[in-house]
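J.: Dumping the structure here so I can ask a few things about it.
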Amino acid sequence: MTIKKSPALVAIDGDAVVKEALRRIEQPSRRLFLQRSLTLGGLSLLTGCAIVDQDSVEHALMRVSRFNDKVQGWLFDPRQLAPTYPESMITRPFPFNAYYGEDEIRQVDANSYRLEVTGMVADRHAWTLTELRALPQTDQVTRHICVEGWSAIGKWGGVTFSSFLSRIGADTSARYVGFKCADDYYTSIDMPTALHPQTQLTLSYDGQPLPPRYGFPMKLRMPTKLGYKNPKHIQAIFVTNTYPGGYWEDQGYNWFGGS
Ligand SMILES: Nc1nc2c(c(=O)[nH]1)N[C@H]1C(S)=C(S)[C@@H](COP(=O)(O)O)O[C@H]1N2
Ligand SMILES: [Mo]
């Protein structure tokens, strides 16, 4: 049997708890905001959570982060375009990143590949790579920003995601679009971002088929969102009203992840 400590009996070192709270926050802007304004009492006031142990710190921070998702959703302007750049500014070589090293890059077979489409869509047929490549494509040169502290400019080509969503008869009144990848990665985005004109089902990098390191055969590219919101090696797309979370988001990264 486990004995639940009564809050009054838990001795809390306030400074240590706030430090721990800050350590768990990856997004530099949020860390700055909290460093300037956060006290233990402030965090309790902000969230209505009693801060009595490490678990409630986690809970309180999660409340702040979900609130932050809402505010970012309200502030998101579906017509505001992210900056684009001349090709001369492309970062070479473009960095690789994943939750594993380059020696474990997933190799997806082009011929047997199928993109599964499920959830609130009219047409649930699975797409071959040939079918995807037959759709109209455009290029974009935009900046990718990773929370680990680097950013880089790259050129991605593919299908405007909103046109893909209309082709599959997606219910665009749904809240989320979720993605499952060929590795253990998964993520999800809000519908306004899914419909943003620069959100792209990406099939090429720098004029060449998307190489394995950057997510062969297909990734989602969104210059309006941080790197971890851009899933590589996508195998399944689903439209849903049930919050799908994400690989890093479920470990505390902010879900909206706007850049
Ligand atoms: N499938 C998959 N997608 C992923 C990741 C991953 O580990 N697996 N990492 C994310 C993170 S944190 C970043 S910064 C970018 C890196 O993309 P790049 O290798 O094209 O630079 O991919 C994102 N998408
Ligand atoms: Mo990242």
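The values are calculated or read from the model by the stated rules, or taken from the named source; none is laboratory data. Just so it is clear, the model here is predicted, and its values are computed rather than measured. Virtual Cβ from ideal backbone geometry, glycine too; neighbours counted across all protein chains shown. These area figures cover heavy atoms from the full protein model, side chains too; ligands, DNA and RNA do not enter into them. Shrake-Rupley method; radii C 1.70, N 1.55, O 1.52, S 1.80 Å.
J.: Between 103, 123, 69, find the one with the highest GNM mean-square fluctuation for the chain; connect C-alpha pairs within less than 10 Å.
T.: Evaluated over the chain, the most mobile residue of the options is 103.
J.: Also: Which of 152, 185, 142 sits closest to the plus end of the dipole of the stretch 87-251, meaning its Cα is farthest towards the positive end, when Lys and Arg get +1 and Asp and Glu get -1 on the C-beta?
T.: Value computed over the given set: 142.
J.: Between residue 163 and residue 150, with labels modelled 7 Å along Cα→Cβ, what's the label distance in nm to one decimal, could you check?
T.: 3.2
J.: Only Cα pairs under 8 Å and at least 6 apart count here; give the relative contact order of the chain as a rounded whole percent.
T.: Details: 444 pairs, mean separation 52.2, N = 259.
Contact order relative to length: 20 percent.
J.: Another question about this same structure. Helix 54-75 sits at what angle to the longest principal axis of the chain, using alpha carbons and giving 0 to 90 degrees rounded to 10?
T.: That works out to roughly 50 degrees.
J.: Hey, another quick one. Once ligands and nucleic acids are excluded and a 1.4 Å probe is used, how much of residue 248 is accessible, expressed in Å² to the nearest 10?
T.: Taking all protein chains as shown, residue 248 has close to 70 Å².
J.: Defining a contact as two alpha carbons under 8 Å apart and six or more residues distant in sequence, what relative contact order in percent does the stretch 68-129 show?
T.: Details: 25 pairs, mean separation 11.8, N = 62.
Reported as a whole number, the value is 19 percent.
J.: Here is a follow-up. Just 16, 126, 236 to compare: in a GNM of the chain, with alpha carbon springs under 10 Å, which one fluctuates most?
T.: 16
J.: Looking at the square roots a ≥ b ≥ c of the eigenvalues of the Cα gyration tensor of the chain, which shape do they give, rounded for a/c under 1.5, prolate if a/b is larger than b/c, or oblate? Display every interim value, and only then the final one.
T.: Numbers: a/c = 2.05, a/b = 1.81, b/c = 1.13.
Prolate is the answer for the chain, as a/c is 1.5 or above and a/b outweighs b/c.
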